[in-house]
1. Within region 7-31, work out how many residues are in a helix (DSSP H, G or I) and within 27 Å of residue 138 (Cβ to Cβ).
2. Could you look through region 188-206, keep only residues that are touching a residue at least 24 places away in the same chain (Cβ under 8 Å) and over 18 Å from the mean Cα position of the chain (by Cα), and pick out the one that is farthest from residue 24 (Cα to Cα)?
3. So residue 154 ticks every box in (1) touching a residue at least 24 places away in the same chain (Cβ under 8 Å); (2) farther than 22 Å from residue 11 by Cα but one. Which box is left unticked?
4. Residues of region 1-31 being over 14 Å from residue 167 (Cα atoms) and either touching a strand residue (DSSP E or B) at 6+ places or on another chain (Cβ under 6 Å) or at pLDDT 85 or above (or both), which ones?
5. Scan region 32-79 for residues that are part of a loop (DSSP other than H, G, I, E, B) and at pLDDT below 70 and jot them down.
6. Condition check: surrounded by fewer than 21 Cβ atoms within 10 Å (Cβ to Cβ), touching a strand residue (DSSP E or B) at 6+ places or on another chain (Cβ under 9 Å) and at pLDDT below 80. Does residue 142 satisfy that?
7. Just for region 7-28: of the residues that are over 16 Å from residue 129 (Cα atoms) and out of contact with any helix residue (DSSP H, G or I) (no Cβ under 8 Å at 6 or more places or on another chain), which one is surrounded by the most Cβ atoms within 10 Å (Cβ to Cβ)?
8. Which number in (1) at pLDDT 80 or above; (2) crowded, with 20+ Cβ neighbours inside 10 Å marks the one condition that residue 159 misses?
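The values are calculated or read from the model by the stated rules, or taken from the named source; none is laboratory data. In this text, all values refer to a predicted model and were calculated from it rather than measured experimentally. All Cβ positions, glycine included, derive from the backbone under ideal geometry; neighbour counts span all protein chains shown.
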């Protein structure tokens, strides 16, 4: 039986996904420049790109579990440091949102989808984040931790589309509202920052089973 902390994972994931970042800006920009359909296709591409990172994180976890104690500790500390870096960055960020509408020439849905997927797949920070984030929600004594990470990654990808799809549907209103209410974005960054720091500290003191 797969043992994961579903409630905590879903709530934390929704908070992380809702925090505007590279993918969110990309979806908004595509919608503002090429219409709602392009925004939805981009959101789908971003979500599919996360499946690639899910596979990498799953393979990475399997390698870590079979590796030596010092390698486990080293990778654990690197992951913890990265989560702390993200958290501190979010705490220090300002409440601004820059959305560039790249009008350009029209692109086919397939090309738009591929651009969304590649934007995510080509970002090494996402891979590092996945490797550091997903294992936090698999119980230490789980019988199949690697499977747990894989399923969590797929769920995270689905949640990403459930959040970014509506963003595409209301990109104009949403981007304008955020610009007029910078305190909301600042508060979201601060909350996400605290969560990332908490996860980083948890990972730093995690012991190998």
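1. Residues meeting the conditions: 15.
2. 206
3. Here residue 154 clears every test but (2).
4. 4, 6, 7, 8, 9, 10, 11, 12, 13, 15, 16
5. Result: 67, 68.
6. yes
7. The residue in question is 25.
8. (2)
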